[in-house]
Amino acid sequence: MNTTPKNPDNREYEKQLSQMSPFEIKNKLIEMAQADARESTATYLNAGRGNPNWIATYPREAFFLLGKFGLQECRRVADNEVGIAGIPEQKGCAERFRKFLDDNKDESGADLLRWTFDYLITKHDYDADTVAHEFAEAIIGDQYPTPDRILHTTESLVQDYLRIAMGGGSDKAVYDMFATEGGTAGMCYAFDSIQENFLINKGDKMALMVPAFTPYIEIPQLARFDFDVVNINADKVQYDGYHTWQYPPEEIDKLRDPSIKLLCITNPSNPPSYTLAPEVLEQLVDIVKTDNPNLMIVTDDVYGTFVKDFHSLMYKLPYNTMCVYSYSKYFGATGWRLAVCAIRQDNVFDALIKQLPEDKQAALDKRYGSLTLTPRNIKFIDRMVADSRLVALNHTAGLSTPQQMQMALMSAFAIRNTAEGNTYQDTMRHTINDRLEALWSTTGFTLLVDPLRAGYYSEIDIMIWARKFYGDDFAKYMQDTYEPLDFVIRLANETAVVLLNGDGFDGPAWSVRASLANLNESDYLKIGTAIRNILEDYHKRYLTEVKK
């Protein structure tokens, strides 16, 4: 039953609603927008969530064709008329796989499967039977994930892909990967294990670069963590009233405080969707080298592939950084739940665990003692795997093997596409940028050219444009008369458009977030028009009040 008022022009109601996560507020806005669409000629347009309306086809075609080979391998061992088969055998598996690819050479996906198979053998020196057998078992899902952290071939492909996608260049450092159920699981596991291993405790300081994806704001506030959060604020300084969504030096300098133990970053940011400027990256490097060498960094780089020449902190500060990377956006795979946590083998997390006092070490010996006779030798990333299953279920940990196989094929596809000219990535960037320009073109607002912008989202500060178009008195009227949430409520109620409130991400109070991923270009023209019309309606109300 819909209990949301049709036109909740009620500040008290809006104040209560604003206490919720913007993703939960979104559900209320959807109710309003759908009701308005039913009762008017407006088209319901939901740009509130970042689920893309595209998919990468080639790795999926390879995945489904590989399933045919996996079944063939199982039926080769045993095939019962009631639908029971055996499990793949390793001996001779490579020869059978090559024959399968020859027999199906004209099938969609065969070419990528062959390329991936040959790549692992030639570049990573894998035994051919080992690769083919791991492929067959992974696609069928007949075994627990082994290793539980990530499959061997998947790890090799993911490491090579991240080196390309995250700006690793010729870096040859080895990173351990933990395949997780989407980036959200990676976030949860990171917070959990960092605390469980006494690397940060209740009341300790952590820093958060804001605006930020709301879980990074909400998780540290939970009673079990209760961290003292220091916000590193973007865009305190504006150029001619425009947001640059970058971090002034004085904000970054907060990290020189060595009592700040953990830094969380979404890079490119969510919702502004800008990558860190080179000077910000260099300042962070200087801070870690000179003032805060033990700073732990978790960087969420899911949108990095939408920025040309992106550089992640996992390669700028490799010793200090854990990268959480999700395949959900770039490959159109939110439903697959595919992500990895990547940590260089020589890292600050392991070093800090070794420095813990004896009482803490003894407590961790007890926690992980069921896994090995030498628990102090367990690497931090393997502790994350164990913690993800409350340690006791470590033997059944790990992302499902079919999911890992899809991740491997997506990585292989991207590696190959990069070698062939990056046509997929170029198309993704153009698609996002065209939608962004369509959105802003009908608002009447000015979109500045910025090579640091990913553009997956657009955060629009309504108050800036209220001042530019109608002056300071009007802006003050809006602030005095309405709650910031009122703007997205009016959009939903009066135009059937759903956007998220930017202040829910610790952005400017009157900002709104539009996803550029999940609608067509023509839809963003309509959304831009709706934004401008709502702003103009506020101004008409203001003029009426002034006359009174």
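The values are calculated or read from the model by the stated rules, or taken from the named source; none is laboratory data. In this text the structure is predicted, and so the values were computed from the model without any measurement. Backbone-built Cβ (ideal geometry, glycine too); neighbour counts: all protein chains shown. For the accessible areas, the whole protein counts, side chains as well, though only heavy atoms, and no ligand, DNA or RNA atoms are used. Shrake-Rupley method; radii C 1.70, N 1.55, O 1.52, S 1.80 Å.
Miscellaneous remarks
- Residue that is surrounded by the most Cβ atoms within 10 Å (Cβ to Cβ), among those in the stretch 29-45 that are within 24 Å of the chain's Cα centre (by Cα) and in a helix (DSSP H, G or I): L29
- Residue match in the stretch 74-89 (condition: part of a helix (DSSP H, G or I) and among the β-branched types (V, I, T)): yes
- Those residues of the stretch 203-237 which are assigned to a loop (DSSP other than H, G, I, E, B), in contact (Cβ under 8 Å) with a residue 12 or more places away in the chain, open to solvent by 30 Å² or more (accessible area, probe 1.4 Å) and farther than 16 Å from C188 by Cα, in sequence order: G203, D204, K236
- Subset of the stretch 179-202 (residues that are over 20 Å from R337 (Cα atoms) and either touching an Asp or Glu at 6+ places or on another chain (Cβ under 6 Å) or among the charged types (D, E, K, R) (or both)): S193, E196, K202
- Considering residues of the stretch 293-316 that are part of a loop (DSSP other than H, G, I, E, B) and aliphatic (A, V, I, L, M) only, the residue surrounded by the most Cβ atoms within 10 Å (Cβ to Cβ): V302
- Selection within the stretch 419-449 - more than 25 Å from A56 (Cα to Cα) and either exposed (fewer than 15 other Cβ atoms within 10 Å of the Cβ) or among the hydroxyl-bearing types (S, T, Y) (or both): S441, T442, T443, T446, L448, V449
- Criterion: out of contact with any Ser or Thr (no Cβ under 7 Å at 6 or more places or on another chain), in contact (Cβ under 8 Å) with a residue 40 or more places away in the chain, among the aromatic types (F, W, Y) and open to solvent by 60 Å² or more (accessible area, probe 1.4 Å) - qualifying residue of F469, F474: F469
- Taken together, the residues in the stretch 164-202 that are over 30 Å from N417 (Cα atoms), free of Cβ contacts under 8 Å to residues at least 60 places away in the same chain and surrounded by fewer than 18 Cβ atoms within 10 Å (Cβ to Cβ) amount to 3.
- Conditions (1) open to solvent by 20 Å² or more (accessible area, probe 1.4 Å); (2) touching a residue at least 40 places away in the same chain (Cβ under 8 Å); (3) in contact with a Leu (Cβ under 9 Å, 6 or more places away or on another chain): number failed by F135: (1)
- When each of G398, G421 is tested for being more than 19 Å from Q195 (Cβ to Cβ), modelled with pLDDT under 95 and outside any helix (DSSP H, G or I), the lone residue that passes is G421.
- Hits in the stretch 317-342 (condition: surrounded by fewer than 24 Cβ atoms within 10 Å (Cβ to Cβ) and of a type in the set (V, I, T)): T334
- Hey, L519 part of a helix (DSSP H, G or I) and aliphatic (A, V, I, L, M) or not: no
- Among the residues of the stretch 46-87, the one identified as within 28 Å of the chain's Cα centre (by Cα) and among the acidic types (D, E) is E61.
- Whichever residue in the stretch 450-460 is touching a strand residue (DSSP E or B) at 6+ places or on another chain (Cβ under 8 Å) and either part of a loop (DSSP other than H, G, I, E, B) or open to solvent by less than 20 Å² (accessible area, probe 1.4 Å) (or both) and, among such residues, is farthest from N533 (Cα to Cα): L452
- Identity of the residue in the stretch 247-279, in contact with an Asp or Glu (Cβ under 7 Å, 6 or more places away or on another chain) and assigned to a loop (DSSP other than H, G, I, E, B), that ends up surrounded by the most Cβ atoms within 10 Å (Cβ to Cβ): P271
- Count of the stretch 91-144 residues, restricted to those that are in a helix (DSSP H, G or I) and either under 31 Å from the mean Cα position of the chain (by Cα) or among the aliphatic types (A, V, I, L, M) (or both), is 26.
- Put simply, of D160, D176 the only residue that is modelled with pLDDT of 95 or more, in a helix (DSSP H, G or I) and among the acidic types (D, E) is D160.
- Any hit, the stretch 482-499, residues being within 26 Å of the chain's Cα centre (by Cα), in a loop (DSSP other than H, G, I, E, B) and surrounded by fewer than 19 Cβ atoms within 10 Å (Cβ to Cβ): no
- The numbered conditions (1) in contact with a helix residue (DSSP H, G or I) (Cβ under 7 Å, 6 or more places away or on another chain); (2) among the β-branched types (V, I, T); (3) outside any loop (DSSP other than H, G, I, E, B); (4) closer than 30 Å to K360 by Cα are all true for T154 except (4).
- Some residue of the stretch 143-156 being buried (at least 18 other Cβ atoms within 10 Å of the Cβ), of a type in the set (G, A, S), at pLDDT 95 or above and farther than 27 Å from D387 by Cβ: no
- Filtered by the rule that a residue be among the polar types (S, T, N, Q) and closer than 30 Å to N520 by Cα, the stretch 445-480 gives T446, S458.
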